[in-house]
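Written out below as structure tokens is the structure these notes cover.
Bear in mind these aren't lab numbers, they're just calculated from the coordinates by the rules spelled out. Keep in mind it's a predicted model, so treat the numbers as computed, not measured. Reconstructed Cβ throughout: ideal geometry from the backbone, glycine too, with neighbour counts over all protein chains shown.
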Amino acid sequence: MTEQPASASLLTFPCDFPVKVIGRKEPDFESSVLAIFRRHVPMLPDEAVSTRDSGGGKFTALTVTVTATSQEQLDELYRELSRTPAVLMAL
């Protein structure tokens, strides 16, 4: 079995890549998360975003399918999402 270098990606770019972001249901959660996505994927179409509230209504999950152009782009996107206090989880 051959090992891949740490910098090697298992993805082939460009590719469609879904990102799920979970946070508390707050008025500006969706708009602030989408602003982050648009910094990394400027041409993000509206239909790339789906929203779902939790059963109890306390949390919101956004699934955003981006056309990723590189592993570095995805890494930077996840780093920024992780530094955002309103984001509880990014998968």
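Residues Leu91, Leu81, Leu44, arranged from fewest to most other Cβ atoms within 10 angstrom of their Cβ, appear as Leu91, Leu44, Leu81.
Here the label points at Thr84 and Glu26, each 7 Å from Cα along the C-beta direction, are separated by 1.1 nm in the simple model. Here Val21, Val41 are placed in order of increasing Cβ neighbour count within 10 Å, fewest first, which gives Val41, Val21. Computed over the chain, relative contact order equals 42 percent, with contacts defined as Cα pairs under 8 Å that lie 6+ residues apart.
Can you tell me the mean projection area, over all orientations, of the convex hull of the chain's alpha carbons? Units nm², please.
Working: hull surface 28.4 nm².
It is 7.1 nm².
Using R0 = 25 Å, the C-beta based FRET efficiency linking Arg52 and Thr12 works out to 0.30.
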